[in-house]
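Presented below is the structure to which this report refers.
Nothing in this text is a laboratory measurement; each read-out follows from the coordinates by a stated rule. In this text, all values refer to a predicted model and were calculated from it rather than measured experimentally. Here the Cβ is made from the backbone with ideal geometry for all residues, glycine too, and neighbour counts use every protein chain on show.
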Amino acid sequence: MKKLNPKLNFLNQMFKKDLLLMGLKVALVVGPVLTVVNHTGCCLNERLIIRHPFQILLCFLIPFMVSMFAGARRIPATLDDSNDH
């Protein structure tokens, strides 16, 4: 078993296609819920201030990043030497 640099391995794992898709799915489910909970007043009053789009973007970005982080943490930090060939 070859031991990889934990930080590099973590970043490599974080940007794998399956984790990106999982993060996107989580963001598309959780993001609208957080947006409705956190921004119902401004959306109903039709007073969308410049800071609101940034805050709404964060409602999607944070669940995406948390999902990717959690997924990357589940993957072990070692790889079999046969994968290097």
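With θ taken as phi - 60° and the Karplus curve 6.51 cos²θ - 1.76 cosθ + 1.60 applied, the whole-hertz 3J(HN,Hα) list for the stretch 13-19 is 5, 5, 9, 6, 4, 5, 6 Hz, x standing for glycine and proline. Quick one: pull the percentage of alpha-carbon pairs in the stretch 16-76 with a separation above 17 Å. Cα-Cα pairs of the stretch 16-76 separated by over 17 Å account for 44 percent. A Förster radius of 41 Å combined with the Cβ-Cβ distance from Leu58 to Asp18 puts the calculated FRET efficiency at roughly 0.95. For the stretch 16-76, with the dipole built from +1 on Lys and Arg beta-carbon atoms and -1 on Asp and Glu ones, taken about the Cα centre, which of Cys42, Val30, Ala70 lies farthest toward the positive end? Highest projection toward the positive end goes to Ala70.
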